[in-house]
Amino acid sequence: MTQSTADTASPRPPADPGNGAPIGAPTVRPDIIAAATRVFSKRGYHAASMSEIADEVGIRKPSLYHHVRKKEDLLFAIHEQLIDELTAETERAIASVQDPAEKLAASLRVALGFVSRNKDAVTVFLQERRELRGRRWRELVAKRDAYEHLIQDLIAEGTRRGTFVDVDPAIASKAVLAMANWGYTWFDPEGPMSADEVADVFAGIAIRGLVQR
């Protein structure tokens, strides 16, 4: 594998200012995030090395440090990209839907489709999330909570409108999301059912448990 000329031209990310401000993730090239995702998913965060990630990208290890300071930068970038994209897709899917039951079905289609398309990233997100510390962990929790609130709010809306039974939205949303989240351990995109078809089965189960009779 060869090193590209762009590798030596990229500046080193700025150091953590240490002033308590949100630090987020350094801007990382998409191909580096994708390579780190594959390596972390296959090897696990602790076992993976920066050398392996550099090899996966096709650059030398010193060049990788022009883009990230440390391995945790890559883990945070994977987590942040995944939750941001999942939240945005879910917001778009439910924005034009009025019926709470249809909103719930749409959110499940997004979630399982996302798992199907991003199996490695979801694996890293669910298995390695506790490896983040301090402000980065708090930022990730805030983003995760914002996504869960989307599901909680549509369940609460269904209760207010009389569509759903009176149920704790926080507990119900965890049950709904668990259906899709664990798809990364078993769902096969090449299997007999598509992600949308499985999501519709899940939606039917969830809605039958929530809808007023």
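The values are calculated or read from the model by the stated rules, or taken from the named source; none is laboratory data. Because the structure is predicted, anything quoted here is derived from the model rather than measured. Counting neighbours? That spans all protein chains shown, and the Cβs are built from the backbone with ideal geometry, glycine included. What goes into the accessible areas is simple: the full protein's heavy atoms, side chains included, and nothing from ligands, DNA or RNA. Shrake-Rupley method; radii C 1.70, N 1.55, O 1.52, S 1.80 Å.
Some observations on this one:
- Top-ranked residue of segment 136-188 - restricted to ones that are under 17 Å from Val115 (Cβ atoms), surrounded by 14 or more Cβ atoms within 10 Å (Cβ to Cβ) and among the hydroxyl-bearing types (Ser, Thr, Tyr), ranked as modelled with the highest pLDDT: Tyr147
- Among the residues of segment 122-131, the ones that are under 28 Å from Ile94 (Cβ atoms) and either open to solvent by 30 Å² or more (accessible area, probe 1.4 Å) or of a type outside the set (Ser, Thr, Tyr) (or both) come to 6 in all.
- Residue among Ile83, Ile53, Ile59, Ile78 that alone is open to solvent by 10 Å² or more (accessible area, probe 1.4 Å) and either part of a helix (DSSP H, G or I) or within 24 Å of Asp31 (Cα to Cα) (or both): Ile59
- Enumeration of residues in segment 157-184 that are over 15 Å from the mean Cα position of the chain (by Cα), over 12 Å from Ala206 (Cα atoms) and either charged (D, E, K, R) or assigned to a helix (DSSP H, G or I) (or both): Glu157, Gly158, Thr159, Arg160, Arg161, Asp166, Asp168, Pro169, Ala170, Ile171
- Set side by side, the residues Lys103, Lys119 differ, and just one is within 11 Å of the chain's Cα centre (by Cα), open to solvent by 10 Å² or more (accessible area, probe 1.4 Å) and not small (Gly, Ala, Ser), which is Lys119.
- Among the residues of segment 86-100, those that are open to solvent by 40 Å² or more (accessible area, probe 1.4 Å) and either within 18 Å of Val28 (Cα to Cα) or in contact (Cβ under 8 Å) with a residue 24 or more places away in the chain (or both) comprise Glu89, Glu91, Asp99.
- Residue among Ala121, Ala142, Ala111, Ala170 that is among the aliphatic types (A, V, I, L, M) and without any contact (Cβ under 8 Å) to a residue 12 or more places away in the chain: Ala142
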